[in-house]
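Below you'll find the structure, written out as structure tokens, and then a few comments.
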Amino acid sequence: MKRFLWPLGIFILLVGFLAVGLTLKPREVPSPLVGKPAPAFDLPVLHQPDKRFVPGEMRGKVWLLNVWASWCVSCREEHPVLVELAKRGVMPILGLNYKDKGDEATAWLKRFGDPYQLSVVDADGRIGIDYGVYGVPETYLIDAEGVIRFKQIGPLTMAIVEQKVLPLAKALQK
Amino acid sequence: MKSLLLILIFVFSAFTVNDVKAQTNGTQTEQRIRQLSEKIRCLVCQNQSLADSPAELAGDMRREVREQVAAGRSDHQILDYLVQRYGDFVLYEPPFKATTLLLWIGPFVLLAVAALVLVATLRRRRRAPDEPALAADDKRLVERVLGPAAPPQERDGGAR
């Protein structure tokens with residue numbers, strides 16, 4: 001009888017591994033940037049191309065950096081969440097307009113609403129690489145010292161905002 | 001004869017195509033960029049290397065690699081640069097460290113366990129009695145069917 005219990009036990013163990021494996025998301029690669037200072041950049045502002053913005057200006061504030069593009073379908077899905085979050089005024093949201101065309105980006109914001117304090121333009125995607133962006137949209141929660149505390153890969157949902165982003169932001173704001 | 005000729009034509013045309021390729025982008029730098037790109041995973045289509053991926057991000061990352069090679073940075077520095085941004089996952093060959101220990105030595109541990117089980121099983125078998133003795137009436141039955149147990153030569157003779 002023991003002879004047959006062994007293979008059965010191993011089989012159940014393998015099924016267990018596979019079951020856990022199915023719940024993992026291989027698309028979501030943990031970012032090595034969480035806990036590290038947000039990479040610096042100096043980029044033109046979308047609505048005022050002659051003005052530039054550096055993340056240092058946000059020192060002392062907890063803020064969100066949202067990577068978006070008008071060509072990105074999931075960004076449209078995510079957009080109402082950002083608009084709602086901006087309406088609540090918990091923290092400033094800044095946009096990193098990733099590999100987009102200026103006129104298409106402004107038209108997109110006009111059509112769907114602009115939750116951003118401002119958007120900066122990363123036309124050739126270099127800053128995206130510095131931030132380890134590989135699938136738009138991505139969102140970074142950055143604390144008052146300029147350290148990345150949380151990264152969302154893929155669209156933010158109201159559930160993620162309520163359960164993760166807001167509690168963390170409130171703790172960091174204290 | 002005709003088919004042999006055809007084969008020869010194909011073989012030699014393959015050689016010339018390769019030669020042309022080698023001449024056009026066979027410089028050392030290009031080869032280095034190619035080799036580096038093959039070590040890096042494209043984050044968009046995760047089972048393709050940077051060299052093979054058609055994704056736009058892969059194009060941007062190849063540009064980054066190319067620029068850094070041109071700027072004279074070492075392979076190690078370039079890979080480090082990407083690991084700092086995308087994590088170890090960006091490398092096809094994960095580094096050997098505490099979190100990847102199981103990944104690296106796991107197969108060998110499994111192999112050792114399997115070998116131990118094999119040795120133990122073989123020993124147990126050797127210790128076990130070879131064949132169970134036949135009961136008396138079973139033996140008689142076998143002899144009736146197969147003939148009396150005797151040396152092979154004798155039985156051959158009997159059959160003739």
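Label positions at B:Thr121 and B:Arg140, each projected 7 Å from the Cα along the C-beta direction, are separated by 4.0 nm. Counting only protein heavy atoms and a 1.4 Å probe, the protein assembly as shown has 66 square angstrom of accessible area per residue. Shown for chain A are the DSSP H helices of 18 Å or more along their axis, judged by Cα atoms, with a mean Kyte-Doolittle hydropathy of at least 0.5: A:2-23. Within the straight-line cut-off of under 18 Å between alpha carbons, the aspartates and glutamates reachable from B:Lys97 are B:Asp80, B:Asp88, sequence neighbours fewer than 8 places apart in one chain being disregarded. Only DSSP H runs of four or more residues enter the estimate; each adds -39500 (n - 2.57), and after division by the residues of chain A the mean residue ellipticity at 222 nm equals -11000 deg cm²/dmol. Legend: residues in the stretch B:74-92 shielded by at least 10 square angstrom of accessible surface upon adding the remaining protein chains to the isolated chain (1.4 Å probe, heavy atoms) are B:Tyr81, B:Gln84, B:Arg85, B:Tyr86, B:Gly87, B:Phe89.
Database note for the protein assembly as shown: Cys without another Cys beta carbon under 4.7 angstrom, B:Cys42, B:Cys45.
The B and A chains share an interface that buries close to 1400 Å² of accessible area, total over both sides, probe 1.4 Å.
Carbon and sulfur atoms: what percent of the 1.4 Å accessible area of the protein assembly as shown do they account for? Using a 1.4 Å probe with all protein chains present, the protein assembly as shown comes out at 62 percent carbon and sulfur. Between A:Lys61 and B:Ala70, the simple label model (points 7 Å from Cα in the Cβ direction) yields a spacing of 3.7 nm. For the residues B:Asp138, A:Asp143, a 1.4 Å probe over the protein chains yields an accessible-area ranking, largest first, of B:Asp138, A:Asp143. Within the same chain, aspartates and glutamates fewer than 8 places from A:Lys174 are excluded, and of the rest, those with a Cα less than 19 Å from its Cα are A:Asp143, A:Glu145, A:Glu162.
In this structure, A:Lys36 and B:Ala128 have a Cβ-Cβ separation that, at R0 = 41 Å, corresponds to a calculated FRET efficiency of about 0.05. The 1.4 Å probe gives accessible areas that order B:Arg125, A:Arg76, largest first, as B:Arg125, A:Arg76. Once C-alpha pairs closer than 8 Å and six or more residues apart are averaged by separation and normalised to the residue number of chain A, the relative contact order reads 28 percent. Shielding of peptide A:124-135 by partners, expressed as the average count of other chain Cβ atoms within 10 Å per residue Cβ, is 5. The stretch B:38-90 and the stretch A:28-105 have their alpha-carbon centroids 24 Å apart. Both radii are taken from the alpha-carbon atoms of the protein assembly as shown; with Rh as the Kirkwood radius, Rg/Rh is 1.27.
Counting heavy atoms of the protein chains alone, A:Arg52 has an accessible area of about 130 Å² for a 1.4 Å probe. With a 1.4 Å probe rolled over the protein heavy atoms of all chains, the accessible area of B:Glu93, A:Glu57, B:Glu64 falls in the order B:Glu93, A:Glu57, B:Glu64, largest first.
The values are calculated or read from the model by the stated rules, or taken from the named source; none is laboratory data. This is a predicted model, so every value here is computed, not measured. As a convention, Cβ positions derive from the backbone with ideal geometry for all residues, glycine included, and neighbour counts pool all protein chains shown. With ligands, DNA and RNA removed, areas are computed over all heavy atoms of the protein, side chains included. Shrake-Rupley method; radii C 1.70, N 1.55, O 1.52, S 1.80 Å.
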